[in-house]
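Each remark here refers to the structure printed beneath this line.
The values are calculated or read from the model by the stated rules, or taken from the named source; none is laboratory data. Treat the numbers as computed from the prediction; the structure is a model and nothing was measured. Glycine gets a Cβ as well: all are built from the backbone with ideal geometry, and neighbour counts include every protein chain shown. Protein only, heavy atoms only, side chains kept; ligands, DNA and RNA dropped before computing areas. Shrake-Rupley method; radii C 1.70, N 1.55, O 1.52, S 1.80 Å.
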Amino acid sequence: MTLDVQKIRADFPILHTRVYGKPLVYLDNAATTQKPQAVIDAIVDYYTRYNSNIHRAAHHLSNLATEAHEAARRTVQRHINAEHEYEIIFTRGTTEAINLVAYSFGEVFINPGDEVIFTMMDHHSNFVPWQMLCERRGANYHVVPFDENGDLRLDIYQNLLNSKTRLVAFNHVSNSLGTVNPAQEIIRMAHDAGAVVLVDAAQAVQHVDHDVRALDADFYAFSGHKIYGPTGIGVLYGKEKWLDAMPPYQGGGEMIERVTVEKTTYNKLPFKFEAGTPNIVGPIGMAAALDYLNALDFTEVRAHEDAVLAYARKKLLEIDGLKIYGNGKLHTSIVPFNIEGVHHYDLGTLLDTRGVAVRTGHHCTEPIMAALGVEGTVRASLALYNNFEDIDVLVESIHQALKILRR
Amino acid sequence: MLTIQEIQAQIIEDFSFLPEWDERYAYLIELGQKSPPMAEENRTEDNLVRGCQSLVWLARECHQGVVYLQADSDSLIVKGLAALLLQVFSGQPAEEVSQADLHFFETIGLNQHLSSQRTNGLLAMVNEIRSFAVQCVGEGS
Ligand SMILES: Cc1ncc(COP(=O)(O)O)c(C=O)c1O
């Protein structure tokens, strides 16, 4: 069976809008994905029928809201195959999840002279928090480079690992290169050296395998808005043994067990890490997105995305002077490119007037751009609803834009 | 010499003959290409206004309360936008530059390029020009 893309497109209302009078061709999915009607409905339904604060009141609406919120936690748990539902912490997104670990794990486990490793292809969100942590705790960090194809230099990584390495952080899929890193191998190598591993899965959950136990990830972070869910909600998965040993990230309501003037004791997992009234509807919307995805066959989704990706790469490479940057052994859904003599901002602007939405610039990965020796790239990134026609429009629009830019 | 308001009105009129986006951008790019190139010695780190998307160089001079500007960018479109900005501001009394209501970008539908400080350096450039003009007013008196 192949994915019924026509049917899927019908589920996403925004795909039928027009920009500048042209049908929207949305190719900025690595930045954020569009939402199916089911997600929009779940959010409207929450506010229409059972909006209420959770975990505290004994009234009917509060019970409904609490149940839906906690059911969403179990949906996430199943989706990534976590062992316990309390290993799922709701955060604002990937960025907050990583900062939570950098702060709370760092507070206890990172000491002066310890070492942290991350990679040259990491998003600023999985780069800066570790620099800040090392500064705060007097620790040192190493950055694993990538080769000219966009594959991590595992040989260098191996040499950087040593008995002082406490933590390794890397993105499973790079948002700037599209490289799918060999996560299992990277994690195994870190564990062999006695280090703990955080996987930034912001670009991975929706495109590749996402079984935290098969990966043996200690921490695993992703954002709802990149997997067809709402913004403002994300997930930190952590193995119970680490989460238990970590101090809270923020203090406030919800995260406490008992509060007295002398001393406060903390709530159990996951609430210890969820201070204050949480984003109640966020998990509900995100769970609706996961339910939507799970009603599809993931193998078919991947096959479809890979077919459109291969088509895009082939068609784009036929354009004179076009260079694609991510050529890793394994890659997914993301095509970063530049055209000789053409500024990415100029191309992006002209594509926009044709209804084609791509991302231009450094994509929050300035170290990658420095390594590639460019100021920025144009990035087309795919989701399950993109089809071959989208690529045809992209390519035709590039040709039209070049007529203006190369006069 | 035309005032800032008159120049803006003229730009708006010029663009009104260009209903298609392709025509507008083609015209903009041409403006950028035809504008006098920036003197090499002015392409300094000091004159660099760094946007998230493109680089803009802005050279400023103040003579007797009048503002003189040169600009360049690695992006053709931003260079064209900068050329428009210079048409409006360069050679104008600093007093006027510091107070002028800059509305033509919006009227010709190019406001998106000014929408965020981080995008392309254009807004940062406008802010630079304005604060320079304030300084220049002080020097002129
Ligand atoms: C690989 C990667 N990590 C982290 C992030 C940050 O995600 P968020 O902004 O949702 O916190 C992104 C988003 O662009 C990403 O692509």
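Structure summary
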item: Shape of the range A:99-172, Cα gyration tensor, a/c cut at 1.5; result: oblate
item: Per DSSP, loop GluC sites (Glu not before Pro) in the range A:1-107 with at most 12 further Cβ within 10 Å; result: A:E83
item: FRET efficiency, 1/(1 + (r/R0)^6) with R0 22 Å, evaluated for A:K241 and A:T265 via beta carbons; result: 0.65
item: Carbon and sulfur %, accessible surface of the range A:49-149 computed with the full protein complex present, 1.4 Å; result: 49
item: For chain A, share of DSSP beta bridges that run antiparallel, in % to the nearest 5; result: 60
item: Whole-number accessible area per residue in Å² for chain A, which is evaluated in the context of all protein chains at 1.4 Å; result: 40
item: Listing of the range B:29-43 residues, each with accessible area lower by at least 20 Å² in the full protein assembly than in the chain alone (probe 1.4 Å); result: B:I29
item: Top positive-direction residue, dipole computed over the protein assembly as shown with Cβ charges, set A:H142, A:L405, A:A245; result: A:A245
item: Per residue accessible area of the range B:1-108, 1.4 Å probe, in Å²; result: 49
item: Rounded if a/c under 1.5, otherwise prolate or oblate - the range A:40-294, Cα gyration tensor axes; result: oblate
item: Mean-position separation - Cα centroids, the range A:239-258 and the range A:162-196, in angstrom; result: 26
item: Spatially proximal lysines relative to A:K268 (Cα-Cα < 24 Å; intrachain offsets below 8 disregarded); result: A:K239, A:K241
item: Protein accessible surface hidden between A and B, which excludes ligands and nucleic acids, total in Å², probe 1.4 Å; result: 1600
item: For the range A:40-294: relative contact order, % (alpha-carbon pairs under 8 angstrom, 6 or more apart); result: 24
item: More than 12 Å apart - percent of Cα-Cα pairs taken over the range B:52-104; result: 65
item: Coarse-grained scattering of the range B:4-140 at q = 0.19, 0.20 Å⁻¹, given as base-10 log I(q)/I(0) from a Debye sum over alpha-carbon atoms; result: -1.14, -1.26
item: Alpha-carbon centroids, the range A:318-391 and the range A:1-71: separation in whole Å; result: 28
item: For the range A:320-357, residues shielded by at least 30 square angstrom of accessible area compared with the chain on its own, probe 1.4 Å; result: A:H343, A:Y345, A:D346, A:T349, A:L350, A:T353
item: Listed residue (A:A307, A:I280, A:I334) projecting farthest to the positive dipole end of the range A:248-337, Cβ model; result: A:I334
item: The protein assembly as shown, Cα convex hull volume normalised per residue, Å³; result: 196
item: FRET efficiency estimate (nearest 0.05) - Cβ-Cβ, A:A10 to A:A58, R0 45 angstrom; result: 0.60
item: Lysines whose Cα lies under 27 Å from that of A:K403, excluding same-chain neighbours fewer than 8 positions away; result: A:K22, A:K314, A:K315, A:K323, B:K34, B:K79
item: Within the range B:4-140: Cβ-based charge dipole about Cα centre, in debye rounded to nearest 20 (Lys, Arg +1; Asp, Glu -1); result: 300
item: FRET E, pair B:Q64, B:L102, Förster distance 22 Å, beta-carbon r, rounded to 0.05; result: 0.40
